[in-house]
Structure formats: structure tokens, C-alpha cells
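Notes follow the structure.
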Amino acid sequence: MAQLVCKALSLGYEGRCVVNGLNFQVNQGDYICIAGENGSGKTTLMKTLLHLTPPLGGEIITDESFSLEEIGYLPQQRQPQSDFVASVYEIVLSGTIARLKNRAFYGKAEKQTALNSMERFGILDLRKKSFRSLSGGQQQRVLLARAYCAAGKMLLLDEPVSGLDPKFAAEMYDIIEGLHEDGMTILMISHDRKALDYADHVLHIGDTLFFGTTEEYLKSPLGKTFYAYGGE
Amino acid sequence: MGEIITYFQYPFVRYALITGVLISLCTALLGVPLVLRRFSYIGDGLSHVAFGALAIASVLHLTNQMLLVLPVTILCAVLLLRTGQNTLIKGDAAIAMLSVSALALGYLLMHLFSVSSNISGDVCSTLFGSSSILTLDRTRVLLCTVLSLLVTIFFILYYNRIFTVTFDETFARATGVRAGLCNLLFAIVIAVVIVLAMNLVGSLLISALVIFPALSSMRLFHSFKSVTVSACLISVFCTVIGTLFSILCEAPVGASIVACDMIVFLICAGAAKAMRLGR
């Protein structure tokens, strides 16, 4: 079942078009890897899907059974955020903020969601720790747990493993794979060749566009040249 | 001790303490998100804007100067805190530019169209807060109380949204928090607090009231909630001690409060270091 269909989508920001005529479809339970060179518009695509940036053309059709509020988002890690004064619990709990609607405070249901999420990502014992005292890998898990709180059916991950050492990166892929097995739809931006071992589809954006299964992609000239250097 | 009790019999001393405590509570509340968003210097910038607006208001002989000062300061706060959009000049540079130009303009206007014989005295008292807090009347204390209460209520009701937007604005927007509205309200509240605080410590020292309590408690605590609560306690404590000190020693109120904030910061920094070494 298609959750999201993008037709002839044009993307850009500040009036500058970066991608033209993008067509793809996201089905429930898909694991899609978004590849492309730096500056090709991968993050812009995510922001457009989240309605943070308006599309310059084309349309995004969402299924009736699926609403935007069911998307969890893991933004690209910015540096200043890493020294923020906040406990792990506070950050994960903030993932449920969309459910507050017009209420001012979190209720039992939101707190339970946050606790479940922390348990799932193995950070329950870190919940009182300060975010800035954590390692890069742990911080990334906290942010993923926050995204998971917001996600009902789909997760958008913007370079979830960049900057992590291979051990943490492998852990991260396992965690994401676990979510995928539970039926979560995953859209992930990654420069990492390893991501293709997990993804079932690839969306390549840049001068040439590609959308198809991972197998097709790896056989295509585009896939062969892009990963000729073994990825990052 | 007996001396202090005698002083408390004077209403102006009580008024000064009440106003001081309320204002320092507000600045501490807003200081935590401001410091975390790297807007530490906004207190300074906006208070200079307020100073400039005040100079214009007195040149124009306005009876109620707040009618000009408040809107101008609010406008600048909204412009400065507008993030993510294409601003001509970014963050720190914008604040610095606004701050010095407002200060210069204000001083220039006061000189060119002098309304009193003692300009440097007037300027000095606007900048350093003089002892005007000791000359507050009942209505201004009441106004100050109502506004501080509103600020506190705003902060409590918006606490979770302020936290989410401060920590990660992109994520907040993506999950459907109206970050723009949150920023706008926040900017308005900051402007109101800064105009209020000018009474207390003057425009030069407002920055201290905004950043010191937040920085002190960030040495000791590690969650947003505990930092916020302790910043309020530290700020109120310093204001009370500073005010009492200034009354007893006939020292300037604003400078005494800031000195007290500074000492507490040093103590907190030392304590944090000692705790780390002890572990």
C-alpha cells in the first residue's frame, strides 16, 4: 500500500531549483536509501516531505490512512546542539510534543511512550544523564529515540551514521533494521555503502535520477560509478 | 540585623525588593533558553535599543514614554530572534550593530536636544540604573507585579514548547510545533522583561541578569528543568542580597546585584570543578 507518492516533484530552496521531475513511491514497510552527492538536494527532499519547505512544482500525495504527524524525523546533527543542557529523558519526551495539541503539559500516555522508546533503544539507564556528557553514538541513539516517539508509521533519517565509528554505525543499522522488521517505513539519507545492505530500494538524486530496487541500482551505471570509491 | 529591620519599615525599601525579586525571576527564566540559543548578548542589545527609544521619547516630550519604548524594543526583539530566514546580517553581528547604534543615537539625541541640565547624570542613570528602583511608586510596583506574573505564566504554559524549539527547531517544526509563533511570543516577552529590568539595573547591566543565573546553574545541574529552577533561585537570592547590601552600604543597586551574581557564578564554577575532581 502506498503511503506517499511523489509526482513530477521539483525541489529547491531560496528560489533555487535543485531537483526536477522526481517520481517515486513509498509503500508501507519500505526501506529506502536516498543517495546522491553533497548539495544534490537530499535534505531538501526530506524537508519537503515534512512540509517544512514548499515544493517548487509537482505534488506529494499521501494516503488517507496516513497523516504527516505519523512521521518521525532525525535531523542531521548540528554541532551547537551537542552541548545543550538537558537530560536524556527530557529530550526523548519532547518527541511526543505533537500529541499535546493544545495542552501545556505531558500526560501519562506521553511519558509512557518516552519510557518505552528509551527501553527499545537501550538508553533507559541513561535517562537522567545529561545529553552533553554522552558519546556521539549515544547522542544519536537519544535523537533516534525522540524521532521514534513521534513516528507512528514512518521514519525519516538524515545521515544517521555520519560521524559515528564503525562499531556504533553497525549498532545503529541493527537498531534501524529492527524497526523496519516491525513494519516501520524507513527513508534514510546515507553516503555509506553499508546502508545498501539493508535498504530494499534506492532513490538517487542529482543530475541523473534513479528510483528502483537496490539490486537494480547496484547493477546500473549510476550505482556502479557512485560507489566506485567504496562510499565514505 | 536590627538595621535591616528598621529599613523594612520604609515602603520604598519593600517596593524595591518586591520589584527586584520579580524582575530577576523573569530574567532568569528567559536567560536559560537565551544562553542555550547563543543569544546571551540580546539583553545588552535590546536594552540599548530601549535606551535609544527612551532618548527619542524624552526629546519628543512624550508623557508616557513606555508607549514608544515598548513597541520599538519589541520590534527589534522580533527581528533579532527571527531565525532560519534570510536575514541580512546574522545573529551576533546583528545584535552588536543594533546595540552600538542605538546607544550612540540615544546619546546624540540627548545631547542635541537636551531637556535637563545634567545630561551625563541622566545618561549614567539610564545606563547603570541609578537608584531609581528606590523611588518607585505604588502603581509602578503593581504594574511590574502584573507583568512579571504574566511572563511567568507564559513561561510555564509554553515550557515544553520552548524546550523543544530551543533544543532543535527543525525537529520541532517537523513534528508540527508552531515554532514561528513560539519565537514571536518569546521575543515579545523578552522585550517586555528588558524594558522592565531597565528600572532595576539600567541597560548596561541587564545582560548580567540574563546570563549569570543561567550560567551559574549550568555549572551544577544537567537537566533543563533543574537548570531553570535553580537559575530562578540563584537570581532571586542575588537580587535580595545585592539590594540589601546596597541599602546598607549606600552602594548603587544595579552594580551590587551584578557583583553578587558574579560571586555566585565563581562559587558555582569552583564547586563544579571540585565535584569533577572528587569523582
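A short reminder: the numbers here are calculations on the coordinates, not readings from a lab. Small disclaimer: the values here were computed from a predicted structure and weren't measured. We place every Cβ from the backbone using ideal geometry, glycine too, and count neighbours over all the protein chains shown.
Assorted remarks:
- For B:Phe154, the conditions (1) surrounded by fewer than 21 Cβ atoms within 10 Å (Cβ to Cβ); (2) at the interface with chain A (Cβ under 8 Å from one of its Cβ atoms) all hold with the exception of (2).
- Just one of the listed residues (B:Val195, B:Val177) is of a type outside the set (S, T, N, Q), within 21 Å of A:Gln77 (Cβ to Cβ) and out of contact with any strand residue (DSSP E or B) (no Cβ under 7 Å at 6 or more places or on another chain), namely B:Val177.
- Some residue of the stretch A:138-157 being surrounded by fewer than 17 Cβ atoms within 10 Å (Cβ to Cβ), under 26 Å from A:Asn38 (Cβ atoms) and of a type outside the set (S, T, N, Q): no
- Wholly within the stretch A:28-101, strands (runs of 3 or more DSSP E) carrying at least 3 residues that are more than 20 Å from A:Thr208 (Cα to Cα), more than 11 Å from chain B (Cβ to nearest Cβ) and out of contact with any Pro (no Cβ under 6 Å at 6 or more places or on another chain): A:57-62
- The sole residue among B:Ala251, B:Ala272, B:Ala187 that is aliphatic (A, V, I, L, M) and outside any helix (DSSP H, G or I) is B:Ala251.
- Residues of the stretch B:5-14 include none that is under 18 Å from the mean Cα position of the chain (by Cα), part of a helix (DSSP H, G or I) and on the phi < 0 side of the Ramachandran plot.
- Verdict on A:Ala150 being under 14 Å from A:Tyr73 (Cβ atoms) and in contact (Cβ under 8 Å) with a residue 12 or more places away in the chain: yes
- When A:Phe168, A:Phe131 are checked against the criterion of being surrounded by fewer than 20 Cβ atoms within 10 Å (Cβ to Cβ) and farther than 23 Å from A:Val26 by Cβ, A:Phe168 stands alone in meeting it.
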